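S.K.: Pasting a structure here, questions to come.
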Amino acid sequence: MDIKKNRAVDIISEVEQCKQDIYFYALEREKNLTGKSEVEIREYLITVLQVMKAAIAKGLDPMIETKGKIIDNNGMKLAEYATSHISVSGKTMRKAISYALAMMEVNASMGKIVASPTAGSCGVLPAVLLTIQERFNIEDEMVYRGLLVANLVGEIIAHHATLSGAQGGCQAEVGSASAMASASVVYMLNGSQQQIFDAAAMCLKNLMGLVCDPIAGLVESPCAKRNTIGAANALICAEMALADIPSIVPFDEVVDAMFRVGKALPPSLKETSQGGLATTATGKALNDKIFGRCSIQKNEG
């Protein structure tokens, strides 16, 4: 069987039949797809986690300016606010939000990040992974495993739908990142295979139809704040799945539906900056300020 074509239902069945940890299934799949050894894959996961941690630390460092053309240092502002104010959404959620913003701001300032699965959604997975690691005192070794489970979910979406905002809208980027992050949380907190994919399915459902309309064509606004909702969504869906609340529609069907919705979205709402927030008065003014009036006229034409 071509493992690229395996769906979640196949994976759940195989893992349960073999009484296997889904991490080992994901590991074997990755070895078959990439031709890399277990040692090489583990070394790569170690590097990925190191880059994620370093980027978030950079984004939260008050001595380092992480400034794009539109956004700057909001992750740090939220972290500083937390030192003297009671949280509206709770400490765990607030931390995840600040981490997601910090990562996106490092990306906007051309810093080193992990595209997970894309640069435009790079804040979600690391924000959720590191927040949960710190919240539950999880060892790095388990986080490496969570990363590979997240990768498995992302691969299924990539093979049967899309991870591209230009092809499927922001639902395909932030939605997929949220699904990957939620799956990793459920895994790290000892959820079942079914719960892992239920969490991922609920994440995709919650963000289905989300458009991609970056102001001035930059992966900054509304992208950064959409990463925060992706992180929050991942935590919410993990909570529901771990409580054994199922996704009414199975993960594979949700992925197919997301792909159909993405194809139905007009080009103006798929990364072209020709619709949505990009064409508001403020969006146009920012585009004009950054790139000049001629680029606005070209987009409108």
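S.K.: Criterion first (in a helix (DSSP H, G or I), modelled with pLDDT of 95 or more and not acidic (Asp, Glu)) does Ala96 satisfy it?
M.R.: Here the answer is yes, as Ala96 does meet what is asked.
S.K.: Among the residues of the stretch 79-109, which ones are in contact with a helix residue (DSSP H, G or I) (Cβ under 7 Å, 6 or more places away or on another chain), without any contact (Cβ under 8 Å) to a residue 24 or more places away in the chain and within 22 Å of Thr66 (Cα to Cα)?
M.R.: Selection gives Ala79, Ala82, Arg94.
S.K.: A further question follows. Kindly indicate the residue of the stretch 135-177 that is part of a helix (DSSP H, G or I) and polar (S, T, N, Q) and also surrounded by the fewest Cβ atoms within 10 Å (Cβ to Cβ) among those meeting that condition.
M.R.: Gln167
S.K.: Let me spell it out: the conditions are (1) under 22 Å from the mean Cα position of the chain (by Cα); (2) in contact (Cβ under 8 Å) with a residue 40 or more places away in the chain, and Val15 meets all of them except one. Which number is the exception?
M.R.: Going through the list (1) under 22 Å from the mean Cα position of the chain (by Cα); (2) in contact (Cβ under 8 Å) with a residue 40 or more places away in the chain, Val15 breaks only (1).
S.K.: Additional query: Considering only helices (runs of 4 or more DSSP H) fully contained in the stretch 213-292, which possess at least 3 residues that are modelled with pLDDT of 95 or more, closer than 23 Å to Gly75 by Cα and more than 15 Å from the chain's Cα centre (by Cα)?
M.R.: 281-291
S.K.: Would you please list the contacts, defined by Cβ atoms under 9 Å and residues six or more apart or on different chains, that run from a residue in the stretch 20-45 that is without any contact (Cβ under 8 Å) to a residue 60 or more places away in the chain and under 15 Å from Arg145 (Cβ atoms) to a residue that is of a type in the set (Val, Ile, Thr) and surrounded by fewer than 16 Cβ atoms within 10 Å (Cβ to Cβ)?
M.R.: Qualifying pairs under 9 Å: Glu28/Ile3.
S.K.: Please give the number of the condition Ile248 fails out of (1) among the β-branched types (Val, Ile, Thr); (2) within 22 Å of Ala119 (Cα to Cα); (3) free of Cβ contacts under 8 Å to residues at least 24 places away in the same chain.
M.R.: Only one criterion is unmet by Ile248, namely (2).
S.K.: Right, another one. Being acidic (Asp, Glu), surrounded by fewer than 16 Cβ atoms within 10 Å (Cβ to Cβ) and part of a helix (DSSP H, G or I) is true for just one of Glu40, Glu65. Which residue is that?
M.R.: Exactly one residue qualifies, and that residue is Glu40.
Yes or no, residue by residue, for (1) of a type in the set (Ser, Thr, Tyr); (2) within 30 Å of Leu286 (Cβ to Cβ):
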| site | (1), (2) |
| --- | --- |
| Ser13 | yes, no |
| Gln20 | no, no |
| Leu27 | no, no |
| Glu30 | no, no |
| Gly35 | no, no |
| Lys53 | no, no |
| Ala57 | no, yes |
| Leu60 | no, yes |
| Ala79 | no, yes |
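S.K.: Using the structure shown, decide if Gly120 is modelled with pLDDT of 95 or more and either more than 17 Å from Gly230 (Cα to Cα) or touching an Asp or Glu at 6+ places or on another chain (Cβ under 8 Å) (or both).
M.R.: yes
S.K.: Take the stretch 99-117 and flag every residue that is among the aliphatic types (A, V, I, L, M) and either assigned to a helix (DSSP H, G or I) or surrounded by 21 or more Cβ atoms within 10 Å (Cβ to Cβ) (or both).
M.R.: Those that are among the aliphatic types (A, V, I, L, M) and either assigned to a helix (DSSP H, G or I) or surrounded by 21 or more Cβ atoms within 10 Å (Cβ to Cβ) (or both): Ala100, Leu101, Ala102, Met103, Met104, Val106, Ala108, Ile113.
Residues are listed down the side, and each one gets a yes or a no for (1) at pLDDT 95 or above; (2) under 24 Å from Ile196 (Cα atoms):
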site	(1), (2)
Ala82	no, no
Ala108	yes, no
Glu141	yes, yes
Arg145	yes, yes
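S.K.: Let me ask something additional. With respect to Met52, is the statement that it is surrounded by 13 or more Cβ atoms within 10 Å (Cβ to Cβ), touching a Cys at 6+ places or on another chain (Cβ under 7 Å), of a type outside the set (Val, Ile, Thr) and part of a helix (DSSP H, G or I) true?
M.R.: It is false that Met52 is surrounded by 13 or more Cβ atoms within 10 Å (Cβ to Cβ), touching a Cys at 6+ places or on another chain (Cβ under 7 Å), of a type outside the set (Val, Ile, Thr) and part of a helix (DSSP H, G or I).
S.K.: Can I ask one more? If you go through the stretch 186-197 one residue at a time, do you hit one that is buried (at least 24 other Cβ atoms within 10 Å of the Cβ), outside any loop (DSSP other than H, G, I, E, B), more than 12 Å from the chain's Cα centre (by Cα) and among the hydroxyl-bearing types (Ser, Thr, Tyr)?
M.R.: Yes: the stretch 186-197 contains one or more residues that are buried (at least 24 other Cβ atoms within 10 Å of the Cβ), outside any loop (DSSP other than H, G, I, E, B), more than 12 Å from the chain's Cα centre (by Cα) and among the hydroxyl-bearing types (Ser, Thr, Tyr).
S.K.: A further question on this structure: Of the numbered conditions (1) assigned to a loop (DSSP other than H, G, I, E, B); (2) touching a Gly at 6+ places or on another chain (Cβ under 9 Å), Cys203 fails exactly one; give the number of that condition.
M.R.: The number of the failed condition is (1).
The values are calculated or read from the model by the stated rules, or taken from the named source; none is laboratory data. Computed from a prediction, not measured in an experiment: that's the story for all the values here. Every residue, glycine among them, receives a Cβ derived from its backbone with ideal geometry; neighbour counts consider all protein chains shown.
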